[in-house]
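A quick write-up on the structure given underneath.
The values are calculated or read from the model by the stated rules, or taken from the named source; none is laboratory data. Given the structure is predicted, the values throughout are model-derived calculations rather than measurements. We place every Cβ from the backbone using ideal geometry, glycine too, and count neighbours over all the protein chains shown. These area figures cover heavy atoms from the full protein model, side chains too; ligands, DNA and RNA do not enter into them. Shrake-Rupley method; radii C 1.70, N 1.55, O 1.52, S 1.80 Å.
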Amino acid sequence: MSKNASEQAVRLLARIERHEPQIQAFSSYDPARLRQDAQTVSDGVLSGLGVGVKDIIDTVHYPTMYGSPIYSGHHTVNDAACVAQLKAAGALCLGKTVTTEFAFFQAGPTVNPHDFSRTPGGSSSGSAAAVAAGMIDIGLASQTAASLTRPASYCGVVGFKPSYGRYAAAGIKGLAPSFDTLGTITIDVATAALADSVLKGPLPAPASLKPKTPVRIGICQTPWWDQAEPSTRTALHNAATLLQKHVSVEEVDLSAFVTAADLHVTIMSYEACQALAWEYAERKSLLSPQITKLLEAGRDITYDVYRAALVDAEKLRAGIAEIFKQYDVLLAPAAPGEAPRMEDGTGSPIFSRLWTLLRLPTVTLPGFVGLNGLPVGLQLLGAFGTDEALLNFAAWVETVFPPRPVPVICR
C-alpha cells in the first residue's frame with residue numbers, strides 16, 4: 001500500500017463515518033473493501049482522490065440497484081468503462097451513491113448537507129451530497145434532463161455535464177439514449193478538468209486547465225423565466241453585475257427555443273418506455289407511480305410524433321450554434337431556486353431541459369445563496385464540442401463568483 005493511498009483511505013473513511021449517518025449519500029460502501037483497494041491502487045493522475053459511483057453505473061465489487069427494488073442486491077460481473085478508467089488512473093472507488101429510481105424522480109433517503117430538511121436534488125443526489133459533505137472528491141453523475149445540474153446547484157458544488165457523447169456510456173443503465181450523458185460532480189472546476197482528462201479518451205490525457213477570460217458572455221433568462229424564484233433571479237442579476245466589470249455581458253433572446261421543453265419531454269418519454277420495457281412488462285408492481293406515469297405517457301406517443309420531435313430538436317441545435325458565433329459562453333439559471341423541502345420532491349428540471357435537448361456542455365458553478373441561506377448555482381454553457389474551452393472559462397468565472405457555501409457540518 002502506498003503511503004498516499006493509505007492516508008487517503010483513512011481520511012475518506014473518517015469523513016464517511018462522521019457524515020454518512022446523517023447524509024445517507026451511499027447506497028453501499030465497504031470500509032474493508034476500501035482498505036483492500038488502497039493496497040493495489042494504481043499510480044496515476046487521480047492518485048489520492050476518492051470517487052463515488054452513481055448507482056446506475058455498474059461496479060463489480062458493489063451492488064448496482066438503479067434505485068429500484070426490482071434490482072435489490074443485483075451484482076454485475078464487471079465495472080462500467082468510466083469506473084475502470086478512473087480506477088486505472090489511481091482513483092479509489094468508495095462505493096455507490098444514491099440515485100433516484102432509474103435516474104428519474106422517485107427520491108432516495110439522501111438529504112441536503114446544507115439543511116437536512118431539504119432535498120439534494122435528483123437524480124445524482126448521493127454524488128452531489130457526498131461531494132458537498134467532503135466524503136468524496138469526484139462523484140460520477142449523469143443527466144437525462146437536469147439530474148446533474150440541479151443537485152450541483154442545490155448542494156453548492158461544481159457539476160460538469162460534457163457535450164453529449166464525450167464520455168463512454170458502456171455499463172450505465174440508460175433512460176433516454178438521445179440525452180443520457182455521463183458527467184461529474186466535484187468541489188471545484190480544477191477537479192472536474194482532472195477527471196475529464198481521464199474520462200474523455202481511452203487513455204488519460206495531460207490535464208491542461210488554463211483559466212481564460214471570455215470576451216463576450218450571453219445572459220439567458222430563458223423562456224421559462226416566470227418559473228424562476230427570487231433567489232435565482234437575484235443570483236443571475238448579481239452574477240451579471242460581477243462579470244460585466246471584466247467582460248462584455250449581453251442579454252440573449254431565446255424566445256425561438258420555447259418549444260424545447262416539450263420536445264425534450266416527448267423524446268424522453270418515448271425512449272424511456274423502450275429502455276424500461278422489461279421492467280414495465282414484468283415488474284410493474286415494483287415501479288413507482290412517477291415512473292409508471294412516464295412510461296405510460298411514452299406508450300401514447302406515436303412513432304411519427306417522436307420522429308418529428310427529433311427533427312425539430314436538430315433544428316434547435318442548429319439555431320443555438322448560430323448564437324454561439326456571437327458569444328464565448330452563455331450564463332443561465334441552474335434551478336428555479338433553492339432546494340425544496342424533502343416532502344416536496346427533488347425539484348423542477350425546467351431550467352435544464354433546453355440545454356440537455358441541445359446536447360451542450362455545461363458547468364454548474366456555486367457561489368450564491370438564496371433567501372434561506374441555501375446554495376443557488378448558475379450554469380455556464382459552451383457550444384457543442386467546446387468542452388476544454390468551457391472548463392477554462394469556468395475556471396476564470398469561478399474566481400469572479402463568491403466562494404462556494406460550505407455546509408454547517410463541514411465548518
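Would you be so kind as to identify which of PRO340, SER142, VAL198 lies farthest towards the positive end of the dipole of the chain, taking Lys and Arg as +1 and Asp and Glu as -1 on Cβ and the Cα centre as origin? The one lying farthest along the dipole's positive direction is VAL198. Farthest toward the positive end of the dipole of the stretch 235-287, out of ILE267, TRP278, VAL247, is the Cα of TRP278, where the dipole comes from beta carbon charges about the Cα centre.
Expected output is a single nm value to one decimal: the length gained when fully extending between ILE409 and LYS284, i.e. 0.36 nm times separation in residues minus the C-alpha distance. What is it?
Once the chain is fully extended between ILE409 and LYS284, it gains 41.0 nm.
Helical runs assigned H by DSSP (4 residues or longer) give the chain a calculated mean residue ellipticity at 222 nm of -12000 deg cm²/dmol, each run adding -39500 (n - 2.57) before division by the residue total. Within the listed set PHE104, PHE160, PHE257, the Gaussian network model of the chain (springs between alpha-carbon atoms below 10 Å) gives the highest mean-square fluctuation for PHE257.
Roughly how many Å² is the accessible area per residue of the stretch 44-109, as a whole number, for a 1.4 Å probe?
Solvent-accessible surface per residue comes out at 28 Å².
Modelled label positions at VAL215 and ALA240, each set 7 Å beyond Cα in the direction of Cβ, lie 2.2 nm from each other. Ignoring ligands, DNA and RNA, what percent of the 1.4 Å accessible area of the chain is carbon and sulfur? Carbon and sulfur: 53 percent of the exposed surface of the chain. The length gained by stretching the chain between SER6 and ARG33 to full extension, at 0.36 nm per residue less their Cα-Cα distance, is 8.4 nm. Simple spin-label estimate for LEU203 and ALA277 gives 4.0 nm between the two label positions (7 Å along the Cα-to-Cβ direction from each Cα).
In Å, the Kirkwood hydrodynamic radius of the stretch 313-352 over pairs of distinct alpha carbons?
Working: mean 1/r = 0.0787 Å⁻¹.
After inverting the pairwise mean of 1/r, the radius is 12.7 Å.
Dipole magnitude for the chain: about 620 debye, using +1 per Lys or Arg Cβ and -1 per Asp or Glu Cβ, origin at the Cα centre.
For the stretch 59-156, the Kirkwood hydrodynamic radius from C-alpha pairs, put into Stokes-Einstein at 37 °C and a viscosity of 0.692 mPa s, yields a diffusion coefficient of 238 µm² per second.
Taking all protein chains into account, the per residue accessible area for the stretch 174-305 stands at 49 Å² (1.4 Å probe).
Note: the stretch 81-219, Cα convex hull, 127 Å³ per residue.
Note on the stretch 230-257 and the stretch 315-332: Cα centroid distance 15 Å, given to the nearest whole angstrom. With the convex hull drawn over the C-alpha atoms of the stretch 314-385, the volume per residue is 94 Å³.
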